[in-house]
Amino acid sequence: MSTQLKSEADRAFVSLQHIHKTFLPDSVSEVVLFTDFSLTVEKGRFVSIIGSNGSGKTTILNLICGSIPADSGSIGINGRVVDKMKEYERSRFIGRVFQDPSKGTCPQLTILENMALADNKGGGFGLERGVSKKRLDTYRTQLELLRLGLEDKLGLQVGSLSGGQRQALALLICTMTPLDLLILDEHTAALDPRSSENVMELTERIVREKKLTTLMVTHNLKFAAQYGDRLIMMHRGSVVVDAAGAAKSALHIRDLTDKFNEISIEDGN
C-alpha cells in the first residue's frame with residue numbers, strides 16, 4: 001500500500017482497501033468486477049453513487065453490509081475491521097434502506113409496534129416490554145417529521161400504507177437508534193415522482209440533523225446532483241468520476257448524462 005493510500009485509509013470512516021471480487025468464477029459466465037479496488041469515505045459525508053447496471057455500485061453496498069464476501073481485501077468502518085463479521089453483526093451499526101418499501105418494516109404489525117421494535121434494537125425481545133406507553137409522545141414527535149399525518153395513526157397496520165408512506169417510515173425506523181453508517185439502496189426507485197421527492201427531502205433532513213455518514217446508490221441523476229456532498233460514478237468496477245465539495249456542487253445533470261453517453265460509446269452502445 002502506498003504511503004498516501006495508507007494515510008487515507010487510516011483517517012477514513014469507511015474504507016475498502018484492495019478489494020477483489022469475481023462473480024461465478026471458473027465458469028463461462030465469470031465476471032471479474034473488482035481488481036484491487038479501493039475507496040475511502042470521511043466521517044459525515046453524504047455520498048451519492050451512480051453508474052450503469054453492472055458497474056459495481058450496488059456491490060459496494062453489499063460488500064460493506066456483509067451481504068456478499070470479498071474474495072480478498074479489507075473493509076473498515078469507524079475503526080473496526082469488519083471482514084469476518086456476519087451481516088447481522090454489521091447491522092448493529094449499519095442501517096440499510098432498500099428499494100422495496102416492504103423490506104424495511106413488518107406489514108402485519110402496527111406503526112407503533114414497528115417503532116417499538118426498532119427502538120429496542122439490540123435489547124431484549126418481547127412486545128410487552130417494547131411497546132412502552134412512556135415512549136408514545138416520542139414516537140409521535142418523530143412521526144411528525146415525516147409530515148404525512150402518521151403521528152395520529154400509531155395503531156394502523158403498516159401493510160395498509162402507501163409505498164411512499166412506508167418508505168418514509170422505513171427510513172425513520174432505520175435511523176431511530178445510533179448508527180455509524182446509513183446505506184440507501186435505491187430507496188426511491190419504486191416510488192412515484194412526488195413520493196420520491198418527499199422521501200429525498202426527508203432523507204436530507206435526517207442525514208443532516210443526525211450527522212450520519214451516508215452512502216446512497218441511485219439511478220436518479222437529479223437526486224445524485226442535488227443531494228449529498230460527494231458524488232461517485234462507477235463504470236466496470238472503477239470510479240470514473242469523484243467530485244466532492246465545491247466540485248460536486250458545480251456538477252449539473254447535463255455533465256452526468258454527457259459522461260454516461262461517453263461511457264456508452266466506449267462500450268459500443
Solvent-accessible area, 1.4 Å probe, carbon plus sulfur percent, for the chain: 50
Fraction of antiparallel bridges per DSSP, the chain only, in percent to nearest 5: 55
Alpha-carbon radius of gyration plus Dmax, which is the widest Cα pair, for region 178-269 in Å: 14.1, 46
Per residue accessible area of the chain, 1.4 Å probe, in Å²: 50
Members of K121/K153; K84/K248; K86/K153; K57/K259; K86/K222 lying beyond 26 Å, as alpha-carbon distances in this model show: K84/K248; K86/K153; K86/K222
Ellipticity estimate at 222 nm from DSSP helix runs (n ≥ 4, -39,500 (n - 2.57)) divided over the chain, nearest 500: -10500 deg cm²/dmol
Residues of type aspartates and glutamates that K134 reaches as a straight line, Cα spacing below 18 Å, ignoring anything fewer than 8 places off in the same chain: E113, D119, E144, E151, D152
Percentage of interatomic Cα-Cα distances in region 206-252 larger than 15 Å: 48
Summed residue charge, Cβ within 11 Å of L150's Cβ, Lys/Arg positive, Asp/Glu negative: +1
By accessible area with a 1.4 Å probe, ligands and nucleic acids excluded, highest first: order of T35, T203: T35, T203
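The values are calculated or read from the model by the stated rules, or taken from the named source; none is laboratory data. Bear in mind the structure is a predicted one, so any value in this text is a computation, not a measurement. Don't worry about glycine lacking a Cβ; one is built from the backbone with ideal geometry, like all the others, and counts go over all protein chains shown. In case anyone asks, the SASA skips ligands and DNA or RNA and just uses the protein heavy atoms, side chains included. Shrake-Rupley method; radii C 1.70, N 1.55, O 1.52, S 1.80 Å.
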